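Encoded as structure tokens, the structure appears first; notes follow it.
The values are calculated or read from the model by the stated rules, or taken from the named source; none is laboratory data. Quick caveat, the model's predicted, so the values are computed rather than measured. FYI the Cβ positions are ideal-geometry reconstructions off the backbone, even for glycines, and counts take in every protein chain you see.
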Ligand code: R7I
Ligand code: MG
Ligand code: MG
Ligand code: MG
């Protein structure tokens, strides 16, 4: 990678997370979003700087922050430390828009004084575990931390997920998001992105995660591979997939299975122009498109932003857009510190 530094990709990734969350949050749970309104929203924020209340981040960035800070402080993944930071962060600022059920875990962890940090997550949803996208939305710092150790990334993505999400599609969603960021980090943005190859490699890697399942009660033992294959069909459409198709086929909900492949799709689709999105900047196009799909906008834009930022790098992200987001300096600093502790010489 000589045309763009890894340091720039680290920054791009975490700034991408934050921007997706902050800019997507005002639209979360909206299902009809005017393309014109969204175009004006981005044009205005990207244009000459103006003073306005900062766009606040939500639980997505709050939990990403905890993971980044823990990795920096411990210089390794320490599940107990991460759990403590999640709980402290939540009780300091509970109104960040957390998932409805995940907060039960924070109460239980506090009550049991962290004797078993993985215990409370297993009790969610009558023991089935959460399939929400809350583990995937915060995994980016781990993908940076493990950028040169893929096997460790797979292992730690799952462990970090299981602090809150023990349903297979919950933690596998975090693994898939981590793999997507990892792939982006290792590609040169000066070369043309081969979107079908990027997708095929994800499917190949998920085939080693979604291994043969004997459980006959599961109708599809390979749900992420199935969704990624549907994504490939949508990407192949000459005229570009329609919003309704993306929503119906890939989804835009809080379920990891119906939001992580969608975020990956946003990144890949936005590599080329999209009707009704006027910009030459593919990073902006990625998050603007992600938000335009509606539903879980902050989370899908955050995950798409992490993948796009890791691919295009920090210099591709408009400065004025960044200035409107809360905690932007902190996120840039986390990226620099993670880079420093994981890149030798
Ligand atoms: O996954 P989680 O942290 O939520 C993240 C989402 C993001 O959109 C954030 O921006 C924030 O808005 O919330 O939190 P959970 O509470 O574990 O899961 C989120 C939601 O997914 C739950 O409130 C449920 O509606 C749904 N869900 C389930 N529903 C039924 N059965 C998750 N798992 C299940 C399940 O097993
Ligand atoms: Mg949120
Ligand atoms: Mg959300
Ligand atoms: Mg070093």
Query raised in the report: Any idea which of (1) over 15 Å from the mean Cα position of the chain (by Cα); (2) outside any loop (DSSP other than H, G, I, E, B); (3) within 11 Å of ligand 1 (Cβ to nearest atom) is the one residue 130 doesn't satisfy?
Result: (2)
Query - Single condition residue 49 does not satisfy, out of (1) touching a helix residue (DSSP H, G or I) at 6+ places or on another chain (Cβ under 6 Å); (2) under 30 Å from residue 190 (Cβ atoms); (3) at pLDDT 95 or above - result: (3)
Report task. Determine if the range 157-164 includes at least one residue that is surrounded by 23 or more Cβ atoms within 10 Å (Cβ to Cβ) and either farther than 23 Å from residue 126 by Cβ or free of Cβ contacts under 8 Å to residues at least 12 places away in the same chain (or both). Result -> yes
Query raised in the report: Does the range 119-149 hold any residues that are touching a residue at least 24 places away in the same chain (Cβ under 8 Å), more than 16 Å from ligand 3 (Cβ to nearest atom) and surrounded by 15 or more Cβ atoms within 10 Å (Cβ to Cβ), and which are they?
Result: 121, 124, 129, 141, 142, 143, 144, 145, 146, 147
Report summary line: Residue count, the range 75-100, condition more than 13 Å from ligand 2 (Cβ to nearest atom), crowded, with 17+ Cβ neighbours inside 10 Å and not in a helix (DSSP H, G or I), comes to 1
Requested in this report: Please indicate, with yes or no, whether at least one residue in the range 297-316 is surrounded by fewer than 22 Cβ atoms within 10 Å (Cβ to Cβ) and away from ligand 2 (no atom under 16 Å from the Cβ).
Outcome: yes
Report task. Evaluate the range 106-119: report whether one residue or more is under 17 Å from the mean Cα position of the chain (by Cα) and within 16 Å of ligand 1 (Cβ to nearest atom). Result -> no
Report task. For residue 110, indicate whether it is modelled with pLDDT of 95 or more, within 16 Å of ligand 3 (Cβ to nearest atom) and surrounded by 13 or more Cβ atoms within 10 Å (Cβ to Cβ). Result -> no
